[in-house]
Amino acid sequence: MNCRLCGSETNKSFAAIDGITLYKCDNCLLIFKAYDLELEPDSEKNRYLQHNNSEEDQAYLRHLNTAIQPTLPFLSSDMEGLDFGCGPNPVLAKVLTKSGYTCSFYDPFFFPDLPDERQDFVFATETFEHFSNPAKELQLITALLRPHGTLTIMTNRWDENTDLGKWWYVRDPTHLVFYHKETFRFISEKYDYSLEYDDGSKIVILRKLVCR
């Protein structure tokens, strides 16, 4: 089995919650589901349509703000950004637009048109865990960003204290990949980012270096 992120071969398989088969990569510390556990596209889209995320939901807005607030020091009003993997309702883009920022949105199922120009910032909130091919998605995001652009990622991470036999995050059938803090160090080195912020659990902010 080859790692979905770095391509390294791994034979470390084990059963997690509900008997779901997972693999762990020793090279980048990504944990990922077996490929045969992926949903068909129509089933995956229907799952996302069940989400009730709304700009009227104060709890959800507070949740998004855990990603927005630490990113604001990197932003200015003349910048252009993208809400990447926004789902059927681009709430984060709407919040930023109301705050005076220019933010478009993209989702492969609901808003499949990418911007023509490179972006100054990209938010990917509750998106990275859904990537079937995170290497491909990271190449795309990196190409979308201007030099010194910021990439803000929100995804629940695993660590050595995570009980994978009970971790609810694995149970969602659309969640395919699970990151360790060292996975983001690997991503930073592989795709030429500096790690600017880490809240220790689910938010990281990367800044694109000038070499790409």
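Length gained on full extension, ASP172 to GLN139: 9.4 nm, using 0.36 nm per residue less the C-alpha separation. Pairs of lysine residues in the chain that meet both criteria, 8 or more places apart or on different chains and Cα atoms under 13 Å apart, total 6. Taking only the Cα atoms of the chain, the radius of gyration and Dmax are 16.7, 49 Å. Calculated FRET efficiency, SER132 to GLU9, Cβ-Cβ distance, R0 = 22 Å: about 0.75 to the nearest 0.05.
Using alpha carbons only, the radius of gyration of the range 1-125 set against its Kirkwood radius gives Rg/Rh = 1.04.
Centroid-to-centroid, using Cα positions, the range 35-55 and the range 162-211 are 21 Å apart. Working ranking of peptides 107-117, 62-72, 23-33 by packing, defined as the average number of other Cβ atoms within 10 Å per residue, highest first, is 23-33, 62-72, 107-117.
Basic side chains Lys and Arg get +1 at the Cβ, acidic Asp and Glu get -1 at the Cβ, and with that the dipole of the range 39-208 about its Cα centre reaches some 220 debye. Between LEU72 and LYS181, the simple label model (points 7 Å from Cα in the Cβ direction) yields a spacing of 2.6 nm.
Toward the positive end of the charge dipole of the chain, about the Cα centre and with charges on Cβ (Lys, Arg +1; Asp, Glu -1), which of THR174, ASN65, LEU39 goes farthest? Of the candidates, ASN65 comes out farthest on the positive side.
With R₀ fixed at 35 Å, the C-beta to C-beta distance from ASP42 to LYS202 puts the FRET efficiency at about 0.75. Once the chain from ASP113 to ASN2 is taken as fully extended at 0.36 nm per residue, the excess over their C-alpha distance is 36.9 nm. Think of it as helices only: each DSSP H run of n ≥ 4 in the chain is worth -39500 (n - 2.57), and spread over all residues that comes to -7500 deg cm²/dmol at 222 nm. For the range 90-119, the residues whose backbone nitrogen is under 20 Å from a point 7 Å from the Cα of HIS51, taken along Cα to Cβ, are 90-98, 103-115.
No lab work stands behind these numbers, since they all come straight from the coordinates. Keep in mind it's a predicted model, so treat the numbers as computed, not measured. Counting neighbours? That spans all protein chains shown, and the Cβs are built from the backbone with ideal geometry, glycine included.
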